[in-house]
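J.: Here's a structure for you.
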Amino acid sequence: MYNFVDHTADIAFEIYAKDLNELLRDAALAFYEAFVFTEKIGDHIQREIEIEESSVDYLLYNWLNEILYLFDVEHFGGKKVDVKVMSGRAKGKIYGDVLDPQKIKLEPKAITLHNFRVEKRNGGYYAYIVIDI
């Protein structure tokens, strides 16, 4: 589950997840909801992301940076996300479409470390993420 948070000049959201799989999935879905008119795209193109990090914070941060890279460089927007996290490694498949200007809500600039945090809470995970626009 993710919620958008009011933030001056940037996009911010928080995620409540039962496990790391859900945390990374919901982070990707929140990113796409913020920046893409997902109702205007299909899910017939697949992209894969594989990240390995020793900390959960950087696993999530680098996961989002890979999603931003796909958005910026390949003009790819996702609609469906499957991800598995095991032993510090995330392997994910994102299903979506090529973006044209009519499918983009906003242009993200960077995933920021400002106020970025991941915490274990109530047997699950909480994350707060700010994306510079």
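J.: Find the residue count for the stretch 76-128, including only residues that are among the aliphatic types (A, V, I, L, M), closer than 13 Å to F35 by Cβ, part of a strand (DSSP E or B) and out of contact with any Leu (no Cβ under 6 Å at 6 or more places or on another chain).
T.: The number of residues fulfilling the criteria is 2.
J.: Specify the residue that is farthest from N65 (Cα to Cα); the eligible residues are those in the stretch 84-120 that are β-branched (V, I, T) and without any contact (Cβ under 8 Å) to a residue 60 or more places away in the chain.
T.: The extreme case among them is V98.
J.: Quick one: in the stretch 17-40, which of the residues that are in a helix (DSSP H, G or I) and among the small types (G, A, S) is nearest to V118 (Cα to Cα)?
T.: Ranking the candidates gives A27 first.
J.: Within the stretch 10-51, count every residue that is in contact with a Pro (Cβ under 8 Å, 6 or more places away or on another chain) and small (G, A, S).
T.: 1
J.: Sticking with this one: Take G123 and decide whether it is surrounded by fewer than 19 Cβ atoms within 10 Å (Cβ to Cβ), within 21 Å of M1 (Cβ to Cβ) and touching a residue at least 12 places away in the same chain (Cβ under 8 Å).
T.: yes
J.: Let me ask another. Out of the residues in the stretch 41-57 that are surrounded by 15 or more Cβ atoms within 10 Å (Cβ to Cβ) and in contact with a helix residue (DSSP H, G or I) (Cβ under 9 Å, 6 or more places away or on another chain), which is farthest from A127 (Cα to Cα)?
T.: Residue satisfying both the conditions and the ranking: I41.
J.: Quick one: which residue in D43, D57 is in contact (Cβ under 8 Å) with a residue 24 or more places away in the chain, touching a Phe, Trp or Tyr at 6+ places or on another chain (Cβ under 9 Å) and not in a loop (DSSP other than H, G, I, E, B)?
T.: Answer to the selection: D57.
J.: Report the residue count in the stretch 98-109 for those that are aliphatic (A, V, I, L, M), more than 21 Å from N3 (Cβ to Cβ) and either surrounded by fewer than 14 Cβ atoms within 10 Å (Cβ to Cβ) or under 14 Å from the mean Cα position of the chain (by Cα) (or both).
T.: The total comes to 1.
J.: For the stretch 20-69, which positions are touching a strand residue (DSSP E or B) at 6+ places or on another chain (Cβ under 8 Å) and of a type in the set (S, T, Y)?
T.: Within the stretch 20-69, Y32, T38, Y61 qualify.
J.: OK, next. Looking at Y16, Y2 in this structure, which one is crowded, with 19+ Cβ neighbours inside 10 Å and either modelled with pLDDT under 95 or among the aromatic types (F, W, Y) (or both)?
T.: Exactly one residue qualifies, and that residue is Y2.
J.: Next up: Which members of the stretch 81-97 meet the condition of being over 12 Å from I49 (Cβ atoms) and either of a type in the set (K, R) or surrounded by fewer than 13 Cβ atoms within 10 Å (Cβ to Cβ) (or both)?
T.: M86, S87
The values are calculated or read from the model by the stated rules, or taken from the named source; none is laboratory data. Bear in mind the structure is a predicted one, so any value in this text is a computation, not a measurement. Positions of Cβ are backbone-derived with ideal geometry, glycine not excepted, and every protein chain shown enters the neighbour counts.
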